[in-house]
Amino acid sequence: MEEQQGVGYQLLLPFATLKSASPLPTRELSIDATTLSQPAADLISAAFPELERGGLPAAFSCLTSLTVLEARSAHLRVDTLSQLAELEKLSVAGLISPPAGAEAVAGLATAAARWKLPASLKEVHLTSQVPEVLHELRYSPVRQLSWEIKLALTRGLTFDGAASALTEDGESALRSAAEFLAGRLDDESEVEVSRPRRFLGFNVADPTIVLPVGGVAEAGPGRRNHTAWLEALGRVGIPQLELHGFALSHQDLAAIATSTRLKELKLPASTSYPVSGLLSLAQSCQEPRNFNLYVDSWCVRAEDGSCQPPLPVDVCDVLLELNTKYPHVDVQLSCDDLIEKAARLQLHESIKALREDMPKLGGDPGRLYLFMWHTSESDTDEQEGGEDAEAAGVAAGGGEVDGLQSHAVTTAAWVSIGRAGMTGG
């Protein structure tokens, strides 16, 4: 085996050290490190140290006939991307700048002017993109593509961990990323802006929440807030927007409302915001709009960390007003906690009661629905699929989902209220 690896290494090494090469006819390339055996992974990482650091070799620029490149755990240099002239679909972790000195001969400014998105590109999927790099592709012709992009902050440069706040550079980077995306998103594009990633266990919550530049002192009425970069995103016109791990104010939600193309806004449990601010988002346009909200952030927490429904009165009032006064707004509620059975049934009852009130006030219960994971113990949880479940207005949908495991879970299934079949009301 060692001899075979040595031969393989010698064969791969010349390609790994190439600075340029004659064009190759490869049309599609998919790299998935999870499918490699350990010896193969060791061999490739030895020959291609850039891959070991999460980057694709610069010699990939010789693949000028490539139409599809998929390497979701790797990064691609912007100067390499600009040479893949026939690329139609790109799916990588993110784009990165060339190393210092890579364009020393031509000069950085001159080189950057040549870095452009391939003219044939139609789809871009970036799962962990630092926002400051996109500005380097600003000379690309403006045309609409299908984008699925997650803009992720990084500790130190764009996120100040000590203050738990965006840095000046972070705010500037998000604004420049927005400027780049302007005019380049088609009607199905999705943009997520996320706090720095942390690698945590399945049941460990990440408490990190991103305050605006200046920290606590700049959050609140009449202060800096996140308004500057959210208004920049609003000018872009993002069809689907997700904000993960931010502390939002009324002023921030008003900034989001400036986006006339916004069709769906997703606010996970990690993001805090004033619930009443959702009304300003509903008022801002008459086009169909969907709010995807997580009930975790509204439920009172017990000492053991579990949710304690029912929902607070002010939350119920806002949900009722959204439904009865803004017929163009759908609200989808989700819960990413595997909460205990009693709390789950309480939550079902809260939503059912709201839906029953809606027709009396001129609303439509079909525009408020709940999706959540639930555990089912086949021997004991008769209510999950029996008559009691139907009486509570619960419709089981989607069947069992394999692969979800935790200490208290034997199986998991989607429970949905609303569009998936609840008829209460």
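The values are calculated or read from the model by the stated rules, or taken from the named source; none is laboratory data. Since this is a predicted model, take the numbers as computed values, not measurements. Glycine also receives a Cβ, built like all others from the backbone with ideal geometry; neighbour counts cover every protein chain displayed.
Miscellaneous remarks
- Scanning segment 145-194 for residues that are assigned to a loop (DSSP other than H, G, I, E, B) and within 21 Å of Val124 (Cα to Cα) turns up Leu153, Ala182, Gly183, Arg184, Asp186, Asp187, Glu188, Ser189.
- Of all positions in segment 323-334, none carries a residue that is farther than 23 Å from Glu287 by Cα, modelled with pLDDT under 95, surrounded by 15 or more Cβ atoms within 10 Å (Cβ to Cβ) and not hydroxyl-bearing (Ser, Thr, Tyr).
- Hits in segment 145-194 - residues which are more than 19 Å from Val92 (Cα to Cα) and among the hydroxyl-bearing types (Ser, Thr, Tyr): Thr158, Ser164, Thr167, Ser172, Ser176
- Considering residues of segment 220-246 that are over 28 Å from Gln144 (Cβ atoms) and buried (at least 21 other Cβ atoms within 10 Å of the Cβ) only, the residue nearest to the chain's Cα centre (by Cα): Gly245
- Unique match (being surrounded by fewer than 15 Cβ atoms within 10 Å (Cβ to Cβ) and not basic (Lys, Arg)) among Thr260, Thr208, Thr271: Thr260
- Boolean, Asp187 is among the acidic types (Asp, Glu) and in contact with a Pro (Cβ under 6 Å, 6 or more places away or on another chain): yes
- For Glu132, the criteria (1) outside any strand (DSSP E or B); (2) of a type outside the set (Phe, Trp, Tyr); (3) surrounded by 22 or more Cβ atoms within 10 Å (Cβ to Cβ) hold in every case but one, which is (3).
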